[in-house]
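What follows is one structure encoded as C-alpha cells, with my remarks underneath.
Where a number appears in this text, it was derived from the coordinates with a stated rule and is not lab data. Treat the numbers as computed from the prediction; the structure is a model and nothing was measured. Note: ideal-geometry Cβ built from the backbone for every residue, glycine included; neighbour counts use all protein chains shown.
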Amino acid sequence: MSVSLDKVRLERLIKELKSKKGRGTELISLYIPAGRPIGDVTSALREELSTAANIKDRTTRHHVLDALTVTLQRLKMFTSTPKNGLVIFAGYIPRGPPGSEKMEVYVIEPPEPINTYLYRCDSRFHTEILEEMLEEKGSYGIIVIDRSSATFALLTGKRLKILDEITSGVPGKHSAGGQSARRFERVIEIMAHEFYKRAGEYAKKLFSEVRDLKGVILAGPGPTKNDFYNGDYLPYDLKKMVIGILDVGYTGEEGVYEVIDKTQDLLEGIRYIHERRIVQRFLEYLAKRSDLVAYGYREVYQLLKQGVVDTLIVSEEVPLSYVKAYCGNCGWSMEDLVRDEDLEQFEEACSKCPVCGQPTTIDRGDVIEHLMEVAKSFNTKVEVISTATEEGKGFLDSFRGMAALLRYAPQQ
Ligand SMILES: [Zn+2]
C-alpha cells in the first residue's frame, strides 16, 4: 500500500531516494497524474515490457523486466488514480558486491497534484518533480502597524508586494496637563480605536482574496501591534492565522523589509515549534499520566498494532528497520521492527524458512513508512520529529526515537 506524505516526510524520502544508484540503467521512475486512468498506464507499461525484452545485457534486462513487473503489480492494487496522482519508484539496489541487489519499491501518494506523466528508466530515481513540491509555496500577509500608520504587504515565495498603506491622523501625545489633557487623551483613544478598526477592515479586504494565504505576521515599533492583536480588530479567521508578532524599528515599507529579514527564521521556526510541543506534551504525560504513554519500540509497536495509540511520535532518525521475511516455497512469512545494530544477525537467523527449511527472501523497508501504514488503519496520528531541536535530539537519545500517547491505559 502507499501512504500520503507530508512535506517533512517527503523531504526525508527524497534524500534517501537520491542516494540510491542502480547497477545499470534499470531503475524505474513513474509519475501518474491525477485523473489518468490506471488502465492507460498499465498498457503503457506493458509496451515498455516488450521493449525491455530487447535489452542486450542479460542482467540489466532481467532487472528492468522485474522492476516493470513489480510496478504493474502495485498498480493492480489501485482501482483508480489517487486524487493527487501516484508516483512509483522501483528497481534493484546494490547492497554490496554484484549479485547483492535487492528489489526496492516505493509507492507514493504525493502531497500535491502531479500534472505530467513521466516514465524513466535510468541508473537513478528521478525525484525532481517531487522535489518541486518542497519549494515553499503559499503567501504570507504582513501588517506593519503603529499609531500613525498601517502598511499591508504580501510575501509569496521570495516576491514581496506592498498592497496598501493607510494613515491614522492620530496626533502624538499631548504635553499639557490638566482637564483638557485628559479630554484630549480620551479623544486620542477613540481615534486610535477607529484606526485599528479601519486597519482590521483593510486586512480583511486585502488578505481574504489571497487564495493560498498561509499565515499573517504582525509587526511594528511599539505596543500598537499587540493592542491591535488583542483588541480583536482582525476578523477571527485572519487572527487565527497570525503566526508571529514581531518588533521592528520602522513603520511603512521600511518596516516591511525589516519583517522580511526576520521572517526567514520565523517560518523555519514554526515547524520546530510544533515538534517541540509534541515532545513536551509527551514528557508532561510521562510525568503526570504515565499510564497513558508508552516508549520502547517493542511496546509501542505492539500497542500500535492493537489500535491503542492515539499519537505515535517517531524521530526521523529512529535507528530501526522494518524487515519482512517470507518463504516462496511454503508461504511462511514474518515481519518485525529490528534495531539497526541487530539487522545482520536478524537476517542471518531468518535466512532459512523455519517451516520447510528453504532459503527465504528478506525485504528491508523504511520503518517510518511502515509505521504510518499501520497507523493509518487505526486512525492514529503520526508525528515525525526532526533532530533540529534540542527536544528532538533528546527524544532520539532518551527514548530511542519512538514513543506514543495512548487512547486509554492498556490492560496490565
Ligand atoms: Zn517455507
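Summary of computed values
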item	result
Per-peptide average of other Cβ atoms within 10 Å, ordering 326-333, 361-368 highest first	361-368, 326-333
Global form of the chain, assessed from the alpha-carbon gyration tensor, a/c cut-off 1.5	prolate
Mean separation of Cα contacts under 8 Å, 6 or more apart, over the residue count of the chain: relative contact order %	14
Nonlocal Lys pairs with alpha-carbon distance under 23 Å, the range 3-134 (8 or more apart, or different chains)	11
The range 62-140: GluC sites (Glu not before Pro) falling in loop per DSSP and having at most 13 other Cβ within 10 Å	GLU135, GLU136
For the chain, cysteines whose Cβ has no other cysteine Cβ within reach (under 4.7 Å)	CYS121, CYS350
Rounded to whole Hz, the Karplus (6.51, -1.76, 1.60) HN-Hα couplings of the range 368-375, x for glycine and proline	5, 3, 5, 4, 5, 5, 4, 4
Point-to-point label distance, LYS324-GLU373, nm (Cα→Cβ direction, 7 Å offset)	0.4
Sequence of ASP291, ASP122 once ranked by neighbouring C-beta atoms within 10 Å, starting from the fewest	ASP291, ASP122
Dipole magnitude of the range 3-134 about its Cα centre (Cβ charges: Lys, Arg +1; Asp, Glu -1), debye to nearest 20	380
Anchor LYS205: lysines whose Cα lies under 17 Å away (excluding residues fewer than 8 positions away in-chain)	LYS161, LYS197, LYS214, LYS239, LYS240
Lysines with Cα under 23 Å of LYS288, excluding same-chain neighbours fewer than 8 positions away	LYS381, LYS393
Whether the range 3-134 is rounded, prolate or oblate, judged on the alpha carbon gyration tensor where a/c under 1.5 counts as rounded	oblate
Neighbourhood charge, 10 Å Cβ-Cβ cut-off, centred on PRO94 and excluding it, Lys, Arg +1 and Asp, Glu -1	+4
Gained length - ARG198 relative to ASP340, 0.36 nm times residue gap less alpha-carbon distance	45.1 nm
Rounded, prolate or oblate (a/c below 1.5 giving rounded, otherwise prolate when a/b exceeds b/c) for the range 263-332 by Cα gyration tensor	oblate
Relative contact order for the range 139-267, counting Cα pairs under 8 Å that sit 6 or more residues apart, in percent	31
18 Å cut-off, amide nitrogen to a point 7 angstrom out along ARG95 Cα→Cβ, residues in the range 352-384	352-354, 358-368, 370
